[in-house]
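The values are calculated or read from the model by the stated rules, or taken from the named source; none is laboratory data. Given the structure is predicted, the values throughout are model-derived calculations rather than measurements. Neighbour counts are summed over all protein chains in view; Cβ atoms, including those assigned to glycine, are modelled from backbone coordinates with ideal geometry. Ligands, DNA and RNA are excluded from the accessible area calculation, which covers all protein heavy atoms including side chains. Shrake-Rupley method; radii C 1.70, N 1.55, O 1.52, S 1.80 Å.
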Amino acid sequence: LERIRADHERALREAKETLQKLPEEIRRDIRQDKEKLLQDARGRKEAGAPGLPQRLFRQPVGAVGQEPADPDVRQRREKIKEMMKHAWDNYKRYAWGLNELKPISKQGHSSNLFGNIQGATIVDALDTLYIMEMKEEFKEAKEWVEKNLDFNVIQTRFICFKLAPTLEINLCWSNNAFSNTWFLLNFQIFRKKAVELGEKLLPAFNTPTGIPWALLNIKSGIGRNWPWASGGSSILAEFGTLHLEFVHLSYLSGNPVFAEKVMNIRKVLNRLDKPEGLYPNYLNPSSGQWGQHHVSIGGLGDSFYEYLLKAWLMSDKTDEDGKKMYYDAVQAIETHLIRKSSGGLTYIAEWKGGLLEHKMGHLTCFAGGMFALGADGAPSDKTGHHIELGAEIARTCHESYDRTRMKLGPEAFRFDGGVEAIATRQNEKYYILRPEVIETYMYMWRLTHDPKYREWGWEAVEALEKHCRVDGGYSGIRDVYNNHESHDDVQQSFFLSETLKYLYLLFSEDDLLPFEHWVFNTEAHPLPVLHKDDGNKEENEK
């Protein structure tokens, strides 16, 4: 409490001092800050690469797979590659260097999601371009990153860790698209960018508990949380979705501090009592206590659970703590959140202070793939059950698509008042090119080879082409139940990094990014499994 008071008083003093300055003095300070940042950048450039440890690069397994044997499947995969080219070419033509594309207006779109940093689509699409063997496009993207992506800007906006802003900043830019591209290709520029941004994000962990702030001013190093979050809390799906990336940052940099930060988050969570074994979405980083008891496997909570499982898988199944936390959480989810409708559809409700809201978000649909992926590590008598649970969630999410006019899923759908898998509120009827349903189809196909998942995926391709494709790219839809398209005029960066990548993998052979060697993070960027013998191999080869 003393530390919080001291920080608060310091912030008040700084604000008061700034308010007392004349406008000329403020402008002078800004110029000096800019000059100092430019001098620091020049100094780093002259000094060459930072002191990163040497890392032995091994040719990655499955970075490029074989052509599909079935000619129909091969043709469908080529169609998805053409969709990627249409999305990329139009971004390049109308919005190059900006964050996203407005495909109707044919101009760039830079929302406040990314602060002052630009180029989100370029960075997010790097590995998709590589996996699809779009070599010229990948070369263009790499050159842009090398020449234009600068984290030394004076960052007046705050950058957040996950929900919208840092999921794209921290995960996708810091260790997703950069470190995973280093593992794929051994381009040192991506490794340097990953470590550089990772270091800039460390001040967010300077809280009494070590639970990071949601928002960080890179220039000042001062963090804060969303004003709407319960009691000044951090968000579970934000601070709980750093583990894979920060563990890899420690490997890339040789600095254990990144892994230590995320392991401390685990320690804090393990000390806390969980209501009914569930993890609420809000945790106060100062007091270390839960905020409002709202539990969701969709927005605000989703990727926390996914990362417990994937941390265990990425560790070559040695992270027993992550494994236990995941399967304990799944048991609580099954007991308290998973329900079956009168029509036989399995869904995952939201829990608010002990009461269920019978609503399931599009974001929650990732869970079908998660349950199936985790089946192998479940107790032997539960393996089949987890696969079946994944299949049931996949079916429910497919129904949410099939019950709309456009055969594209709404942002959320409900199971009450005689309604099943249908959005009943206007603000839940939109589709913004989201990937979660396709993601589950991909996992279910890989793990079962049931042909219906490819058929369902192709239904989504046809709907995207019919309703979302426009001359200038792909646009989201405001109401998927309407007879006529009303486009939202945004081509989201995750459409290229996730939706199209999962579709391409769905129609690829299993040797492309095989699960025994790769783990996909929550933004669909593949990170390699850290096999137990990798360290010994490296020492021997040295």
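Per residue, the average separation of C-alpha pairs within less than 8 Å and at least 6 apart gives the chain a relative contact order of 16 percent. Here the dipole of the chain is about 1460 debye; that uses its Cα centre as origin and unit charges on the Cβ of Lys and Arg (positive) and Asp and Glu (negative). Given Val480, Tyr443, His467, which one lies farthest toward the positive end of the charge dipole of segment 440-485, if we put +1 on the Cβ of every Lys and Arg and -1 on the Cβ of every Asp and Glu? Value: Tyr443.
How far, in nm, would the chain grow between Val64 and Glu2 when pulled straight, counting 0.36 nm per residue and subtracting the alpha carbon separation? Can you show the working numbers first?
Working: separation 62, 0.36 × 62 = 22.32 nm, distance 5.50 nm.
The span from Val64 to Glu2 would gain 16.8 nm if fully extended.
A straight chain from Arg425 to Glu388 at 0.36 nm per residue would run longer than the Cα-Cα distance by 10.3 nm.
Net charge within 12 Å of Ala332 by Cβ-Cβ distance, Lys/Arg positive one each and Asp/Glu negative one each, not counting Ala332 itself? Write out the running numbers ahead of the final one.
Values: positive: Lys274; negative: Glu276, Asp328, Glu334.
Result for the neighbourhood of Ala332: -2.
Projecting the Cα atoms of Pro379, Phe413, Ala391 onto the charge dipole of segment 374-417 (Cβ charges, centred on the Cα centre) puts Phe413 farthest toward the positive pole.
List the pairs from Lys21/Lys219; Lys79/Lys407; Lys85/Lys106; Lys79/Lys142; Lys79/Lys193 whose alpha-carbon separation is above 22 Å, in the order I gave them. Could the numbers behind the result be given before it?
Working: Lys21/Lys219 20 Å; Lys79/Lys407 19 Å; Lys85/Lys106 16 Å; Lys79/Lys142 25 Å; Lys79/Lys193 33 Å.
Violating the 22 Å Cα-Cα cut-off are Lys79/Lys142; Lys79/Lys193.
Dimensions of segment 433-485 from C-alpha coordinates, computed as largest minus smallest value along each principal axis and given longest first, are 36, 23, 16 Å.
For Ser486, the accessible surface of its heavy atoms amounts to roughly 50 Å² (probe 1.4 Å, protein chains only, rounded to the nearest 10).
As a rough guide to protection, the peptides 247-254, 352-359, 501-508, 413-420 ranked by mean Cβ packing within 10 Å, highest first, stand as 501-508, 247-254, 413-420, 352-359. The residues packed around Arg414, meaning those with a beta-carbon under 13 Å from its beta-carbon, carry a net charge of -2 if Lys and Arg are +1 and Asp and Glu are -1.
Any idea what the alpha-carbon Rg over 2.2 N^0.38 Å comes to for segment 73-143?
Details: Rg = 12.8 Å, N = 71, 2.2 N^0.38 = 11.1 Å.
Here the Cα radius of gyration is 1.15 times the empirical estimate.
Run a plain Debye calculation on segment 246-305 (Cα atoms as equal point scatterers, no solvent) and give log10 I(q)/I(0) at q = 0.25, 0.29 Å⁻¹, rounded to two decimals, same order as the q list. Result of the Debye calculation: -1.04, -1.18. With Rh defined as the Kirkwood radius, the inverse of the mean 1/r over Cα pairs, the Rg/Rh of segment 311-366 is 1.09.
Contact order for segment 350-424, expressed relative to its length and based on alpha carbon pairs under 8 Å spaced 6+ residues apart, stands at 29 percent.
So if R0 is 35 Å, what FRET efficiency would Glu465 and Asp416 give, r being the distance between their Cβ atoms, rounded to the nearest 0.05? For R0 = 35 Å, the calculated efficiency reads 0.55. Once C-alpha pairs closer than 8 Å and six or more residues apart are averaged by separation and normalised to the residue number of segment 201-283, the relative contact order reads 26 percent.
Ordering Leu503, Asn427, Trp458 by Cα displacement along the dipole of the chain toward the positive end leaves Asn427 in first place; charges were set at the Cβ atoms of Lys, Arg (+1) and Asp, Glu (-1).
When you count the other C-beta atoms within 10 angstrom of each residue and take the mean per peptide, 428-438, 268-278 line up highest first as 428-438, 268-278. Remark on segment 319-423: ratio of C-alpha radius of gyration to 2.2 N^0.38 Å is 1.11.
How big is the C-alpha Rg of the chain next to the rule-of-thumb value 2.2 N^0.38 Å, as a ratio?
Numbers: Rg = 23.0 Å, N = 542, 2.2 N^0.38 = 24.1 Å.
That works out to 0.96 for the chain.
Calculated accessible area for the chain comes out at 42 Å² per residue, all protein chains present (probe 1.4 Å; ligands, DNA, RNA ignored). When the alpha-carbon atoms of segment 377-523 are used, the pair Rg, Dmax equals 16.1, 52 angstrom. Taking the convex hull of the alpha carbon positions in segment 206-287 and averaging its projected area over all directions gives 6.0 nm².
What a 1.4 Å probe finds exposed on the chain is 49% carbon and sulfur by accessible area, rounded to a whole percent.
Would you mind calculating the gained length between Glu509 and His449 on full extension (0.36 nm times residue separation, minus the Cα-Cα distance), in nm to one decimal? Spell out each step's value before the answer.
Numbers: separation 60, 0.36 × 60 = 21.60 nm, distance 1.07 nm.
Fully extending the segment from Glu509 to His449 adds 20.5 nm.
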